[in-house]
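These notes concern the structure reproduced below.
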Amino acid sequence: MYAMQYEITLPADYDMSIIRERVATRGHALDDRAGLGLKAYLIRERGAAGSPVNQYAPFYLWHDAGRMGEFLVGGGGFQGIVGDFGRPVVQHWTGLAVEAGPARRTAPLAAPLAASRLLTPMPASADPAEQVAGALAELRDLGGAQGLHTAALAVDPHHWRLVTFALWEREVPAAHAGAERYEVLHLSAPGLASLPRGRAW
């Protein structure tokens, strides 16, 4: 599993209804994309939920690195982003674990409305295995949180950072105020059910 996200930061006076319309008209293009676990179409609006910026920041979980490559550089869809906004930096992480929350288990077809992302540095002085073990335990606990739809943990071994990404049924709980918060405009989830549960090894 591979996690991926790009962030397109827009001017402070940008009309975010343009992004909303973009997702409403184009967002279903990946609803049946082979190799894709999920794509959450995320936005942040300046002044809303503590966001300092207007931003379009889709987050992906891929089953297949080849399909991710096809999307980015093989004519599989990313050229639309590049053509409209220029080429953004694409962050990517190696997936470590996924948990299905109560909201997905009880209403699997209900689309989440909010998301959170927490980036955690991994100090060079600490044992990576111990840090990851602790993060996996936290993810298992998060998996039982009320309102959680799906949560994932992944690692960037270039910058040695962990990312915890979570989709929420309605809103990000106050307990996760330290994470970046997003609105989910659409969820394409062709391979959600087959994402591995728990630790990936």
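The values are calculated or read from the model by the stated rules, or taken from the named source; none is laboratory data. None of these values were measured; they are calculated from a predicted model. Using ideal geometry, Cβ is built from the backbone for each residue, glycine included, and neighbour counts are taken over all protein chains shown.
Give all pairs with beta carbons closer than 6 Å in which a residue from segment 20-37 that is under 11 Å from P190 (Cα atoms) meets a residue that is of a type in the set (S, T, N, Q) and modelled with pLDDT under 95; count only pairs at least 6 apart in sequence or on separate chains. Here the result reads none, with nothing in segment 20-37 linked to a residue that is of a type in the set (S, T, N, Q) and modelled with pLDDT under 95. Between A48, A65, the distinction of being at pLDDT below 95, in contact with a Phe, Trp or Tyr (Cβ under 6 Å, 6 or more places away or on another chain) and surrounded by fewer than 20 Cβ atoms within 10 Å (Cβ to Cβ) belongs to A65 only.
If you go through segment 1-20 and keep only what is acidic (D, E) and either surrounded by 12 or more Cβ atoms within 10 Å (Cβ to Cβ) or touching a strand residue (DSSP E or B) at 6+ places or on another chain (Cβ under 6 Å) (or both), you end up with just E7. Of the helices (runs of 4 or more DSSP H) lying entirely inside segment 1-90, those containing at least 1 residues that are closer than 20 Å to E171 by Cα are 17-26. Selection of segment 24-44 for residues being of a type in the set (A, V, I, L, M) and surrounded by 18 or more Cβ atoms within 10 Å (Cβ to Cβ) yields L30, L36, L38, A40, L42, I43. Taken over segment 1-51, the criterion of being acidic (D, E) and within 12 Å of the chain's Cα centre (by Cα) is satisfied by E7 alone. Under the condition of being more than 16 Å from the chain's Cα centre (by Cα) and within 15 Å of M4 (Cα to Cα), the residues counted in segment 144-166 number 3. Which members of segment 98-147 meet the condition of being small (G, A, S), assigned to a helix (DSSP H, G or I) and surrounded by 17 or more Cβ atoms within 10 Å (Cβ to Cβ)? Within segment 98-147, A103, A135 qualify.
The set of residues in segment 167-182 being under 12 Å from the mean Cα position of the chain (by Cα) and without any contact (Cβ under 8 Å) to a residue 60 or more places away in the chain is empty.
Just one of the listed residues (P190, P157) is closer than 21 Å to T120 by Cα and either modelled with pLDDT of 95 or more or of a type in the set (A, V, I, L, M) (or both), namely P157.
The residue of segment 102-132 that is farthest from A57 (Cα to Cα), among those that are in contact with a Leu (Cβ under 7 Å, 6 or more places away or on another chain) and in contact (Cβ under 8 Å) with a residue 60 or more places away in the chain, is A103.
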